[in-house]
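Here the structure is laid out as structure tokens; the discussion comes afterwards.
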Amino acid sequence: MARDKTSLKLPKENTEAADFLPLLGTDYVELYVGNAKQAAHYYMSAWGFQPLAYAGLETGLKDKVSYVVQQDKIRLVLTSPLKSGGDINKHIDAHGDGVKVIALWVDDARDSYVETMKRGAESYMEPRALKDDNGEVVLSGIHTYGETVHVFVERKKYSGVFMPGFKEWNPFYKPSDVGLKYIDHMVGNVGWNEMDKWCQFYAKVMGFAQLVSFDDKDISTEYTALMSKVMSNGNGRIKFPINEPADGRKKSQIEEYIEFYNGAGVQHMALATDNIIETVTALKNRGVEFLSVPASYYENVLDRVGSIDEDLLPLSDLGILIDRDDEGYLLQIFTKPILDRPTMFIEIIQRKGAKSFGKGNFKALFEAIEREQASRGTL
């Protein structure tokens, strides 16, 4: 599916970024899942994604099947194995359902590969051109933390539904969307003392720069703590916070994730909306479960964040958190884990000028996560 024609001379938000790798946005996120057909139904029914494309036995694949769903600029590829014993099976066995590919939309996938490889990247996929009657898509890829990979996608010469090898998927069942717009950021959890290593990877190999950092004084409760740094490319379209555990009295959410995921991986996707009240209301009505915060959070929140456009009552009823920085405020809420393993979850975020990540909400959020951990017996 051809994207809008975007100039490589996008405004530079992160002036510290070397930005030798022009990234135009997130092209898609591919999850390896145990049952792609049912996963696609879940993301359509619960999350409002629309059917887009399909590849499987009917398109000539013998070993795997993929369903592609889309909502505005967000594309998910849900892939399952069709036979036992392959790499996808091993990934699911080790990690459960989880993100395998964070695909990045680029103008030149060959050049992206060359530039990252010469700076120390580990190759995942040498450049290859996929062609059909609608043109060609060029792909290449490198490894990042854990078994996660980045695939560079060049689609300027393609006009098809998704990419060669896929056909249009047009079922009768098409639930309405819920107002999700784009991926705001994606968070990676890494092991003890690995945060700086992977931040340096994004700086050296991909030309990112650090936007902000949080230490265990910023992100801690009575029981648990973690540290985080946010890496961003120059135009700010790609933001990757990287988390690692910090010493605490009990097992942190990062340690719980790494234990059940069996290593580093994507902890959550933050999906943006222009109306978080409408979006979260629709999601709750479709069965999505969110973390809850005590009613006391709202007693003095406006003293901390100042005046906001929204009425406080619906935000309180839904459990939406509020924070402010020098450029505005943001509204955010986090789901409970959306998988059986307590690994991946999803954040819904609405930015009203703010460029930050909700530092003022960390304590309330992490106490809510700890209550869930205690219920699972993993705190």
Considering region 207-233, residues that are out of contact with any Leu (no Cβ under 8 Å at 6 or more places or on another chain) and crowded, with 23+ Cβ neighbours inside 10 Å, and then whichever is modelled with the highest pLDDT, we arrive at PHE208
Of the residues in region 22-36 that are in contact with a Ser or Thr (Cβ under 6 Å, 6 or more places away or on another chain) and aliphatic (A, V, I, L, M), the one that is farthest from VAL149 (Cα to Cα) is ALA36
The condition of being at positive phi and out of contact with any Ser or Thr (no Cβ under 9 Å at 6 or more places or on another chain) holds, among GLY287, GLY263, only for GLY263
Counting only residues that are out of contact with any Gly (no Cβ under 7 Å at 6 or more places or on another chain) and closer than 26 Å to LYS355 by Cα, region 133-187 contains a total of 9
Within region 272-331, the residues that are under 26 Å from MET186 (Cα atoms) and among the basic types (Lys, Arg) are LYS284, ARG286, ARG324
By residue number, the members of region 289-307 that are buried (at least 18 other Cβ atoms within 10 Å of the Cβ) and touching a residue at least 40 places away in the same chain (Cβ under 8 Å) are PHE290, LEU291, VAL293, TYR297, VAL305
Taking the condition of a type outside the set (Val, Ile, Thr), touching a residue at least 12 places away in the same chain (Cβ under 8 Å) and over 30 Å from LYS90 (Cα atoms), does LEU318 pass? yes
For this session: Answer yes or no as to whether TYR67 is among the aromatic types (Phe, Trp, Tyr) and crowded, with 22+ Cβ neighbours inside 10 Å.
Result: yes
GLY319: passes all of (1) small (Gly, Ala, Ser); (2) surrounded by 19 or more Cβ atoms within 10 Å (Cβ to Cβ); (3) modelled with pLDDT under 95 but (3)
Filter region 17-39 for residues that are in contact with a Phe, Trp or Tyr (Cβ under 9 Å, 6 or more places away or on another chain) and more than 26 Å from ARG237 (Cα to Cα); the one that is surrounded by the fewest Cβ atoms within 10 Å (Cβ to Cβ) is LYS37
Here, strands (runs of 3 or more DSSP E) confined to region 95-198 with at least 2 residues that are touching a residue at least 12 places away in the same chain (Cβ under 8 Å) and over 30 Å from ALA18 (Cβ atoms) are 123-132
Determine, yes or no, whether VAL99 is within 17 Å of the chain's Cα centre (by Cα), within 30 Å of GLU278 (Cα to Cα), assigned by TED's automatic domain parsing to the domain that holds ASN233 and not hydroxyl-bearing (Ser, Thr, Tyr). no
Per the list (1) buried (at least 16 other Cβ atoms within 10 Å of the Cβ); (2) within 30 Å of LEU180 (Cα to Cα), residue check on ASP111 breaks on (2)
When region 270-281 is checked residue by residue, the ones that are aliphatic (A, V, I, L, M) and surrounded by fewer than 21 Cβ atoms within 10 Å (Cβ to Cβ) are ALA270, ILE277
Subset of region 119-173, residues among the acidic types (Asp, Glu) and surrounded by fewer than 20 Cβ atoms within 10 Å (Cβ to Cβ), comes to GLU122, GLU126, ASP132, ASP133, GLU136, GLU168
Kindly evaluate GLY265 against the criterion of being under 19 Å from the mean Cα position of the chain (by Cα) and farther than 30 Å from ASP93 by Cα. no
Within region 80-95, residues under 26 Å from TRP105 (Cβ atoms) and touching a helix residue (DSSP H, G or I) at 6+ places or on another chain (Cβ under 6 Å) come out as SER80, HIS95
Considering region 328-361, residues that are among the basic types (Lys, Arg) and closer than 20 Å to GLU13 by Cβ, and then whichever is surrounded by the most Cβ atoms within 10 Å (Cβ to Cβ), we arrive at ARG351
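The values are calculated or read from the model by the stated rules, or taken from the named source; none is laboratory data. Predicted model only: the values in this text are computed from it and were never measured. Because the Cβ atoms are built from the backbone with ideal geometry, glycine has one as well, and the counts that use them run over all protein chains shown.
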